[in-house]
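Read the structure below first, then the notes.
The values are calculated or read from the model by the stated rules, or taken from the named source; none is laboratory data. Values in this document were obtained by computation on a predicted structure and should not be read as measured data. Don't worry about glycine lacking a Cβ; one is built from the backbone with ideal geometry, like all the others, and counts go over all protein chains shown. Remember, those area values only see protein heavy atoms, side chains included, never the ligands or the DNA or RNA. Shrake-Rupley method; radii C 1.70, N 1.55, O 1.52, S 1.80 Å.
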Amino acid sequence: MERHELIVIGGGPSGLAAATTAANAGIECLLIDEQANPGGQIYRAVGTIPEQRASLLGPDYNYGRKLVDQFNQSSASYLPGTTLWNLNSQREIGILRDGQASLISADRIIIATGAMERPVPFPGWTLPGVMSAGAGQILLKSSGLVPAQGVVLAGVGPLLLLLAWQYLHAGVKIHAILDMSPSGNIWRALPHLPGALLAHHYILKGLRYQMQLKMAGVKFFSGVTEFHAVGGDLLEAVEFTHRGGRKRIDTHLLLSHFGVIPDSHLSRCAGCDHTWDANQLCWRPVADKWGNSSVDGIAIVGDGSGIGGAVAARHAGRIAGFEAARALGRMDEKQRDDAAREDQGWMRDDLRVRPFLEARFHPPAELLSAPPDETVVCRCEEINAGAIRTAIHAGHKDANQVKFLTRCGMGPCQGRQCDNAVSQIVARELGDKKMISGGYRIRPPIRPLTIEQLAALDEGADPK
Amino acid sequence: MNAKSDVIIIGGGLMGLSTALHLGRRGIKAVVLEKASPGRHASGVNAGGLRQLNRHIAEIPLTVAAAEIWKNIRELVDDDCDVVLNGQVRVAESDAQLQKLQARVDAVKAQGYQHEQIIDSETLYRLVPRLVGGCVGALYNPDDGSARPFHAATAFRHKAIALGAEIRSGVEVLAIEESNDGWKLDTNQGVFSAANVVNCAGAWANCFAAMLGESVPLTPKAPTLMVTERLPPFLDLTVGAEGYQLSFKQMQNGTVIIGGAHLAKLDFEREQSVIDFATLKTSAQTVTRFFPHMAQVRIVRSWAGIEGFMPDNIPVIGKSAKAAGIFHAFGFSAHGFQLSPIVGRILSELILDGKTDLPIEPFDIRRFNESES
Amino acid sequence: MPVFRRLEEADIRWVEIQIDGQTTQAREGDSVAAALLAAGLRSCRTSPISGAPRAPFCMMGVCYECLVEVDGIPNRQSCQITVQEGMQIRRQIGTAKGYR
Ligand SMILES: Cc1cc2nc3c(=O)[nH]c(=O)nc-3n(C[C@H](O)[C@H](O)[C@H](O)COP(=O)(O)OP(=O)(O)OC[C@H]3O[C@@H](n4cnc5c(N)ncnc54)[C@H](O)[C@@H]3O)c2cc1C
Ligand SMILES: Cc1cc2nc3c(=O)[nH]c(=O)nc-3n(C[C@H](O)[C@H](O)[C@H](O)COP(=O)(O)OP(=O)(O)OC[C@H]3O[C@@H](n4cnc5c(N)ncnc54)[C@H](O)[C@@H]3O)c2cc1C
Ligand code: FES
């Protein structure tokens with residue numbers, strides 16, 4: 001099997017920084033990413049985007065170019081357009097590139113696969129015309145596509161404001177922004193404000209976006225509950241409760257967003273231990289301050305190990321790069337500690353804003369764990385919340401048993417869209433506050449592989 | 001906790017649940033101790049194949065009796081367990097293979113059983129139209145089929161409970177000892193005692209046999225299954241092939257389940273298996289060989305279950321040879337799902353009547369003990 | 001009426017693709033899903049279970065709602081595939097219903 005010293009999975013800020021740092025320390029390093037270009041989620045298409053569109057996206061976005069340049073100048077090798085479909089505890093990796101599946105392995109692995117948007121089932125979320133706000137942003141970044149007949153933005157989290165601001169500058173009509181964060185969030189967030197002020201630029205940015213949007217006449221509704229997307233075969237409108245009254249806004253496009261959570265499929269497939277993060281309401285891998293997971297030789301950095309944002313992701317990547325240099329014998333502990341000190345400090349400063357953001361944008365508990373019975377939870381197999389509750393009350397006391405019984409989570413997305421909701425519904429029904437009932441066991445291939453591709457698998461059999 | 005009962009069953013897989021159910025039918029309220037949750041291991045994750053075809057000759061009386069029960073499974077468990085009986089074939093690519101299968105049919109007939117037959121290629125292609133050209137015939141049983149294993153385990157559990165059984169999840173038996181009036185089981189939840197103990201601990205069963213001084217060569221292994229995306233219906237039967245590790249069937253939901261006892265790497269202590277894709281490559285090659293139209297179909301998931309294998313690939317079923325009041329049923333070597341309804345009945349008869357009508361001598365635990373036989 | 005429109009940008013390069021047999025243009029670098037939305041299509045498939053129409057949802061490869069047939073191969077994730085000149089794309093409408 002082709003063997004590398006270090007394989008970094010994911011070419012966002014954390015992966016780019018990790019690969020660059022490790023390569024600069026003399027490590028033979030391969031970076032794998034399924035996108036066509038480096039940059040990850042936030043700096044998506046940063047190297048190829050037209051100037052005019054880049055200016056719409058703001059200065060943060062353009063910072064990505066520097067990271068990509070540094071990576072390109074390093075000795076790290078790069079496999080773009082390559083999907084990873086397996087990683088096991090023995091650090092064997094299954095990749096798919098141009099239709100060819102192969103097995104490769106490494107002495108050390110850094111998982112930097114980032115975040116995904118938190119899937120939240122609400123009535124009507126499967127209707128065409130309902131997309132995630134991240135999807136809207138990707139269409140803007142990668143294809144220069146914007147809503148043609150106006151859009152409703154709804155949910156919780158800073159991305160809604162950012163996207164609205166980006167749309168405003170692109171001349172898009174925004175029918176309304178619906179904020180579903182519970183009104184108590186503001187109060188719960190306040191105690192964290194002093195810490196957050198050290199990273200005040202984040203908060204100022206949010207306030208500035210909000211002010212500009214309001215000045216442009218965009219309607220804001222806060223404290224929105226009982227949110228439904230309605231339509232026959234296609235989205236026609238959104239309906240919601242606001243200040244005690246039921247409201248309806250006609251729209252052909254709804255972009256919803258409920259924050260981001262680690263994309264933990266890969267780290268779970270590899271057998272790394274995970275815990276429930278009660279602040280971020282998601283599963284996150286257990287990792288030490290160097291990014292080391294519970295599995296020997298596998299580290300996890302960036303948003304994939306818990307949401308910290310792009311700046312923290314970059315520092316975490318560098319820190320894991322130094323740790324790789326130690327583990328692979330290029331640095332001793334002291335050299336590593338010295339090299340990493342600056343990044344650790346900056347990362348700490350940057351993360352100070354998180355408790356504030358987490359409290360401010362904490363999604364309402366009922367939304368996640370108590371969707372109405374008729375709401376589809378598993379989009380692939382069309383299993384609704386009622387069927388899940390019936391299974392639980394028939395004695396199936398964890399997410400996996402519910403999955404076996406109902407096929408919830410067994411469709412093509414392999415449970416990515418329903419795992420979080422199902423674990424929370426199970427826990428709520430059982431009164432399991434600590435979430436000991438757990439999430440789905442994740443089985444490879446974590447990205448579908450055809451039978452022909454498996455039949456032609458290149459195991460790179462050792463010549464011996 | 002110190003509870004006393006007539007019968008304690010170690011293991012809440014199908015064997016344990018079926019035994020509890022059959023005891024319940026005769027008025028005995030058994031207690032099932034399961035360290036994880038019922039159906040968590042082999043019984044809930046297997047391929048659901050209800051196969052009589054090509055079994056070890058010694059298993060034929062049991063498999064035929066089990067097939068009768070599956071046909072009317074609702075009568076036993078009040079649920080159809082999604083049983084579908086559309087038949088199973090074992091395909092031959094050459095005349096030599098077909099002759100071998102014919103010899104098999106003759107041997108089965110010599111035992112007085114008629115359920116296996118040879119079909120010619122014309123019949124084969126009528127039954128399996130998407131099969132690759134060039135196959136010469138097959139071994140066939142029209143009454144084989146499949147069920148949904150986790151549904152079956154759930155139905156057996158519900159029925160056992162309805163008949164009075166008590167099923168305790170999260171109770172791990174740590175040791176078994178003789179006491180004045182029967183047996184004492186040490187568990188992570190306290191001590192349980194009973195007059196009779198049934199060892200249905202699957203791949204873990206040998207540790208209890210060993211505690212009783214009758215250790216057997218059971219090996220835990222992890223057979224792997226793959227499942228594809230949903231496809232339009234193209235196959236009613238289960239397909240195997242002479243000379244290949246293949247078990248191939250389309251479920252009613254359109255997905256195709258691919259098995260054939262390809263093994264994952266098993267860490268038995270931690271109950272973790274690592275799927276071996278180099279091995280599954282062979283499995284994929286076998287699939288494209290017999291069903292070329294599957295080439296572009298996506299594999300959505302693979303998984304492995306932990307199962308106990310015996311050197312002769314047939315189980316241990318019967319009374320302990322060393323200790324009164326102890327009964328064993330384990331080592332089903334990846335084909336116990338089909339047998340589970342009858343195994344439970346056999347054990348209930350052994351416990352309550354001291355005997356059974358079915359021939360279980362070949363499954364005697366002493367068969368591995370040369371000095372004694 | 002399409003739900004999305006293209007920003008007016010200089011030096012756009014176009015490729016010709018076919019959607020359900022009809023020739024249309026996509027922008028070089030577009031994902032197939034983006035090209036479908038830009039062409040004004042609101043759904044890309046029907047659910048194999050209920051038959052309800054579905055459309056791309058996440059655009060980042062996690063939801064599997066964007067499955068279409070590309071160059072004769074069904075169930076491909078259109079948000080993860082870049083358009084190529086001459087690509088034949090078919091929506092998956094009404095295939096394989098009636099599963100249990
Ligand atoms: C949809 C979305 C939009 C966002 N927009 C913004 C924004 O505008 N501004 C902002 O500040 N923050 C944004 N965020 C948050 C921001 O993306 C993160 O804070 C930051 O990118 C984290 O960096 P990372 O290196 O951890 O991961 P990422 O940047 O997400 O990079 C992960 C990389 O791994 C690759 N990958 C994942 N799985 C596999 C696999 N199986 N095989 C191969 N490659 C794989 C991905 O393609 C990706 O390139 C967004 C997040 C999401 C999910
Ligand atoms: C992948 C796979 C595919 C298969 N396909 C088929 C098929 O198509 N057709 C077929 O007929 N058969 C098939 N089989 C075989 C079949 O699944 C098994 O033979 C059957 O399920 C065995 O049932 P059991 O109850 O003995 O074992 P299990 O289901 O493994 O149950 C044993 C139980 O004992 C419990 N236990 C163990 N130790 C203790 C302890 N100390 N205390 C308390 N509880 C304990 C375990 O947790 C477990 O739940 C397959 C098996 C596998 C793994
Ligand atoms: S749109 Fe979600 S996977 Fe393509």
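For region A:361-371, does any single residue satisfy the condition of being more than 22 Å from A:Val426 (Cα to Cα) and surrounded by fewer than 24 Cβ atoms within 10 Å (Cβ to Cβ)? For region A:361-371, residues more than 22 Å from A:Val426 (Cα to Cα) and surrounded by fewer than 24 Cβ atoms within 10 Å (Cβ to Cβ): present.
Please verify whether region A:150-167 includes one or more residues that are of a type in the set (Val, Ile, Thr), touching a Phe, Trp or Tyr at 6+ places or on another chain (Cβ under 9 Å) and closer than 24 Å to C:Asp11 by Cα. Taking every residue of region A:150-167 in turn, none turns out to be of a type in the set (Val, Ile, Thr), touching a Phe, Trp or Tyr at 6+ places or on another chain (Cβ under 9 Å) and closer than 24 Å to C:Asp11 by Cα. Taken over region B:89-105, the criterion of being within 23 Å of B:Arg130 (Cβ to Cβ), within 26 Å of the chain's Cα centre (by Cα) and hydrophobic (A, V, I, L, M, F, W, C) is satisfied by B:Val89, B:Val91, B:Ala92, B:Leu101.
Quick grid of which residues meet (1) modelled with pLDDT of 95 or more; (2) over 27 Å from the mean Cα position of the chain (by Cα):
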site	(1), (2)
A:Lys214	no, yes
A:Ser222	no, no
A:Gly231	yes, yes
A:Leu235	yes, no
A:Glu239	yes, yes
A:His242	yes, yes
A:Arg246	yes, yes
A:Asp250	yes, yes
A:Leu253	yes, no
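Among helices (runs of 4 or more DSSP H) entirely within region A:352-408, having at least 1 residues that are closer than 16 Å to A:His228 by Cα singles out A:365-369, A:385-393. The lone criterion from (1) closer than 25 Å to A:Pro59 by Cα; (2) in a strand (DSSP E or B) left unmet by A:Val152 is number (1). Within this structure, C:Arg90 passes the test of being touching a residue at least 12 places away in the same chain (Cβ under 8 Å) and away from ligand 1 (no atom under 16 Å from the Cβ).
Filtering region B:258-273 to residues that are open to solvent by less than 50 Å² (accessible area, probe 1.4 Å) and modelled with pLDDT of 95 or more leaves B:Ile258, B:Gly259, B:His262, B:Ala264.
Listed by first and then second residue, the pairs with beta-carbon distance under 7 Å, at least 6 apart or on different chains, first residue in region A:44-68 and more than 20 Å from A:Thr113 (Cα to Cα) and in the same structural domain as A:Gly81 (by TED's automatic domain parsing), second open to solvent by 80 Å² or more (accessible area, probe 1.4 Å) and not in a loop (DSSP other than H, G, I, E, B), are A:Leu56/A:His169.
Out of B:Gly182, B:Gly254, B:Gly213, which single residue is within 24 Å of B:Ile365 (Cα to Cα), open to solvent by less than 30 Å² (accessible area, probe 1.4 Å) and away from ligand 2 (no atom under 16 Å from the Cβ)?
Values: B:Gly254 fails: within 24 Å of B:Ile365 (Cα to Cα); B:Gly213 fails: open to solvent by less than 30 Å² (accessible area, probe 1.4 Å).
So the residue among B:Gly182, B:Gly254, B:Gly213 that is within 24 Å of B:Ile365 (Cα to Cα), open to solvent by less than 30 Å² (accessible area, probe 1.4 Å) and away from ligand 2 (no atom under 16 Å from the Cβ) is B:Gly182.
Residues that are within 14 Å of chain A (Cβ to nearest Cβ) and open to solvent by 40 Å² or more (accessible area, probe 1.4 Å) within region B:299-325 comprise just one, B:Trp303.
For region A:412-433, a residue qualifies if it is in a loop (DSSP other than H, G, I, E, B) and more than 22 Å from the chain's Cα centre (by Cα), and the qualifying residues are A:Gly431, A:Asp432, A:Lys433. Looking only at region A:300-341, residues that are out of contact with any Gly (no Cβ under 6 Å at 6 or more places or on another chain), assigned to a loop (DSSP other than H, G, I, E, B) and surrounded by fewer than 20 Cβ atoms within 10 Å (Cβ to Cβ) come to 3 in all.
The set of residues from region B:65-95 being open to solvent by 40 Å² or more (accessible area, probe 1.4 Å), assigned to a helix (DSSP H, G or I) and in contact (Cβ under 8 Å) with a residue 40 or more places away in the chain comprises B:Lys71, B:Asp95. Filtering B:His328, B:His335 for residues that are away from chain A (no Cβ under 12 Å) and either among the aromatic types (Phe, Trp, Tyr) or crowded, with 24+ Cβ neighbours inside 10 Å (or both) leaves a single hit, B:His328.
Among residues of region B:264-292 that are facing chain A (nearest Cβ under 7 Å), those with a beta-carbon under 8 Å from a residue that is basic (Lys, Arg) at least six positions away or on a different chain give the pairs B:Val274/B:Lys265; B:Ile275/A:Arg443. Scanning region C:1-52 for residues that are under 19 Å from A:Gly231 (Cα atoms), more than 8 Å from chain A (Cβ to nearest Cβ) and assigned to a strand (DSSP E or B) turns up C:Arg45, C:Thr46. As for region B:111-126, it holds at least one residue that is under 22 Å from B:Lys71 (Cα atoms) and among the aromatic types (Phe, Trp, Tyr). For region C:58-74, the condition of being facing another protein chain (nearest Cβ under 7 Å), more than 16 Å from ligand 3 (Cβ to nearest atom), outside any loop (DSSP other than H, G, I, E, B) and open to solvent by 20 Å² or more (accessible area, probe 1.4 Å) holds for none of the residues.
The lone criterion from (1) within 9 Å of another protein chain (Cβ to nearest Cβ); (2) out of contact with any helix residue (DSSP H, G or I) (no Cβ under 7 Å at 6 or more places or on another chain); (3) open to solvent by less than 30 Å² (accessible area, probe 1.4 Å) left unmet by A:Pro412 is number (3). Among the residues of region B:97-136, just one is free of Cβ contacts under 8 Å to residues at least 24 places away in the same chain and open to solvent by less than 40 Å² (accessible area, probe 1.4 Å), namely B:Thr123. Taking the stated definitions as given, is A:Phe356 closer than 27 Å to A:Val301 by Cβ, open to solvent by 20 Å² or more (accessible area, probe 1.4 Å) and among the hydrophobic types (A, V, I, L, M, F, W, C)? Spelling it out, A:Phe356 is indeed closer than 27 Å to A:Val301 by Cβ, open to solvent by 20 Å² or more (accessible area, probe 1.4 Å) and among the hydrophobic types (A, V, I, L, M, F, W, C).
Anything in region B:337-351 that is in a loop (DSSP other than H, G, I, E, B) and more than 18 Å from B:Gly12 (Cβ to Cβ)? List them, or say none. It would help to see each step written out before you state the result.
To start, the set of residues in region B:337-351 that are in a loop (DSSP other than H, G, I, E, B) comprises B:337-339.
B:Gln338 - this is the single residue of region B:337-351 that is in a loop (DSSP other than H, G, I, E, B) and more than 18 Å from B:Gly12 (Cβ to Cβ).
If you go through region A:415-445 and pick out every residue that is closer than 26 Å to B:Arg298 by Cβ, more than 13 Å from chain B (Cβ to nearest Cβ) and of a type in the set (A, V, I, L, M, F, W, C), you end up with 3. Against the criterion of being touching a Leu at 6+ places or on another chain (Cβ under 7 Å) and surrounded by 22 or more Cβ atoms within 10 Å (Cβ to Cβ), A:Val156 does not qualify.
For region A:70-103, which residues satisfy the criterion of being under 19 Å from A:Glu452 (Cα atoms) and not small (Gly, Ala, Ser)? Scanning region A:70-103 gives A:Thr82, A:Thr83, A:Leu84, A:Trp85, A:Asn86, A:Ile93, A:Ile95, A:Leu96, A:Arg97, A:Asp98, A:Gln100, A:Leu103. Looking at the structure I just gave you, is A:Gly40 over 20 Å from A:Asp263 (Cα atoms) and within 13 Å of ligand 1 (Cβ to nearest atom)? Spelling it out, it is not the case that A:Gly40 is over 20 Å from A:Asp263 (Cα atoms) and within 13 Å of ligand 1 (Cβ to nearest atom). Scoring A:Ser105 on the criteria (1) open to solvent by 10 Å² or more (accessible area, probe 1.4 Å); (2) of a type in the set (S, T, N, Q); (3) under 22 Å from A:Val295 (Cα atoms) leaves a single failure, condition (1).
Region A:5-107 holds strands (runs of 3 or more DSSP E) entirely within its bounds, and those carrying 1 or more residues that are of a type in the set (Asp, Glu) map to A:92-97.
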